[in-house]
Amino acid sequence: MKRRWMLPAAAAALALVTTLAIIQYLQGVAQRAAVVAPVKTETVVVARTNIAERQVVRGDLLEVRQVPVEAVHPQAARRLDEVVNRVAIAPIFADEQVLVNKLATAGVNVGLSYVMPKDKRAMTIAVNEVVGVAGFVFPGDRVDVLGTVRLKDENFTKIVLQNVEVLAIAQKVEQKPGEEPRVTTSATLALDPQQAEALAQIDNSGRLRLALRPYGATERVQTAGMTLEAALGRRTAPAVQAAPRPAPRTTTAVRPARRPAAVPPPPLPPVRTQSVEIWRATQRSMVEFREGSR
């Protein structure tokens, strides 16, 4: 009877010992994990969204994050004041650490040279309230430039530049002694070198106006230009070949036969003459005789 209970008792004792051993092992692992030092991190500036090249880096485009020391780039900015209001000279992507070597030199004035396209030139023209579309043109808008010049004793107007980007609009107050102050406005446009040359010529020779384009309108329209007479509808229409008139409904008259043209007589042979000098006392005279005459 005792032998029958010895085997189950031994198995239960072995299971208890195994369970205690496993519990002790797990407790040791937990203790060793608790002893491991926490991961060291550093504060870095990270881009919240994509930042394009030549874009001014604003504070709302950035955030500060804790990054493991091993993952921190040596050129990464650590504080927001090191980055805000500087210009990106290379693209910065979302969740990327902002590197100081991707930014323009600190303290450099943020001017048009950093924000305008590389293949363009900034050119400023003087405008007034009418020329500037009554103050509705703002930086970033697209305009057409119309030029009016004097050609062959008449004014000629044509759209000389199309889909031009406006980089800046500036206003200042000017006042001369004894005159009322007035506000002068200038518009700075992004032009390629050839467009800048054309605009300078027209600005020196005539007048310029801006025509605001709708948002997203990029098509180019070919125009022939307009003179004053054409604008008033007084220009003579171009010569158009007149259509043949229909023949009247009358009986066809029989025309008489045309007489043959008279043949002119052959030309007469040239008359040959001979001169004879005659002296009478002291008087001299000349007498001509035709050959063949008697």
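The values are calculated or read from the model by the stated rules, or taken from the named source; none is laboratory data. Note that the coordinates shown come from a computational prediction; the quantities given were computed from them, not determined experimentally. Neighbour counts run over all protein chains shown; Cβ positions are idealised from the backbone, glycine included. Accessible surface is based on the protein model in full, side chains and every heavy atom, while ligands, DNA and RNA are left aside. Shrake-Rupley method; radii C 1.70, N 1.55, O 1.52, S 1.80 Å.
Here is how the numbers come out for the structure above:
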| item | result |
| --- | --- |
| Any hit, segment 43-51, residues being touching a residue at least 24 places away in the same chain (Cβ under 8 Å), open to solvent by less than 70 Å² (accessible area, probe 1.4 Å), closer than 16 Å to D95 by Cβ and in a loop (DSSP other than H, G, I, E, B) | yes |
| Subset of segment 219-237 that is open to solvent by less than 90 Å² (accessible area, probe 1.4 Å) and polar (S, T, N, Q) - its residue that is farthest from I159 (Cα to Cα) | T227 |
| Filtered residue count, segment 114-125, keeping only those that are at pLDDT below 80 and either touching a strand residue (DSSP E or B) at 6+ places or on another chain (Cβ under 8 Å) or polar (S, T, N, Q) (or both) | 4 |
| Segment 166-204 - residue that is in contact with an Asp or Glu (Cβ under 8 Å, 6 or more places away or on another chain) and at pLDDT 80 or above and, of those, most open to solvent (accessible area, probe 1.4 Å) | D192 |
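One line per residue, one yes/no per condition, for (1) of a type outside the set (F, W, Y); (2) modelled with pLDDT under 90; (3) more than 25 Å from V166 (Cα to Cα):
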| site | (1), (2), (3) |
| --- | --- |
| V45 | yes, no, yes |
| L61 | yes, no, no |
| A90 | yes, yes, no |
| F93 | no, no, yes |
| V108 | yes, yes, no |
| L112 | yes, yes, no |
